[in-house]
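Reading through the structure tokens given below for one structure.
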Amino acid sequence: MRRVETGEQHVGEVPLEMFQGNRFKDKDYLDRALEIVQDGIEALNVGKDEPVHICRGYILSKAREVLEASGYNVAHTKIEGRTQELAESEFISSLVRLGVGDKEEIARMRSFNAFLDWVHEDLEERESFVKTGWKAWVRLRADRG
């Protein structure tokens, strides 16, 4: 999260395990994303009168619903500019921390197919980086495995 006027920011991370198995099927990641947003609202002291621009992505759908129901001025927005750069930088840093590779390796696999190719190069070790609870994973695993 980033307050545009001041540059203040709040960062949180949804753990990988929430995208695997039953935790993915149960959509636990939506609850964790909501917690991160609520923590950011508190940390940045966001008032209900100021606009809160939230990405249109599904992972933040519960956060949008809860904030709207709580009286916040929520705008469903395509995130661009410095806020998008911050999000991408944090994402890449998290992949480096997880051991996916260094920044250059990650930059080379920014497409969906490039990432799948990377996973399949060492499926037993790298499958833990995949949304294994995702219905399509069974097919994608078999297609390339």
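The values are calculated or read from the model by the stated rules, or taken from the named source; none is laboratory data. Note that the structure is predicted; figures quoted are calculated from it, not measured. Quick reminder, even Gly has a Cβ in these numbers, built from the backbone with ideal geometry, and neighbours come from all protein chains shown.
In the condition set (1) within 11 Å of residue 1 (Cα to Cα); (2) under 14 Å from the mean Cα position of the chain (by Cα); (3) free of Cβ contacts under 8 Å to residues at least 24 places away in the same chain, residue 36 is compliant with all but (3).
Would the range 64-76 turn up any residue that is at pLDDT below 95 and either surrounded by 13 or more Cβ atoms within 10 Å (Cβ to Cβ) or of a type in the set (Lys, Arg) (or both)? Yes - at least one qualifying residue is present in the range 64-76. The residues in the range 24-58 that are farther than 15 Å from residue 69 by Cα, hydrophobic (A, V, I, L, M, F, W, C) and part of a helix (DSSP H, G or I) can be counted, and the count is 5. For the range 1-45, taking the residues that are surrounded by 18 or more Cβ atoms within 10 Å (Cβ to Cβ) and in contact with a strand residue (DSSP E or B) (Cβ under 9 Å, 6 or more places away or on another chain), the one that is farthest from residue 93 (Cα to Cα) is identified as 41.
Among residues of the range 91-114 that are over 23 Å from residue 17 (Cβ atoms) and modelled with pLDDT of 90 or more, none has a Cβ under 8 angstrom from a residue that is small (Gly, Ala, Ser) and in a helix (DSSP H, G or I) at a sequence gap of 6+ or on a separate chain.
Please indicate, with yes or no, whether at least one residue in the range 81-88 is hydrophobic (A, V, I, L, M, F, W, C), modelled with pLDDT of 95 or more, surrounded by 14 or more Cβ atoms within 10 Å (Cβ to Cβ) and farther than 30 Å from residue 124 by Cα.
At the first step, the residues of the range 81-88 found to be hydrophobic (A, V, I, L, M, F, W, C) are 86-87.
Filter again for modelled with pLDDT of 95 or more, leaving none.
No, the range 81-88 contains no residue that is hydrophobic (A, V, I, L, M, F, W, C), modelled with pLDDT of 95 or more, surrounded by 14 or more Cβ atoms within 10 Å (Cβ to Cβ) and farther than 30 Å from residue 124 by Cα.
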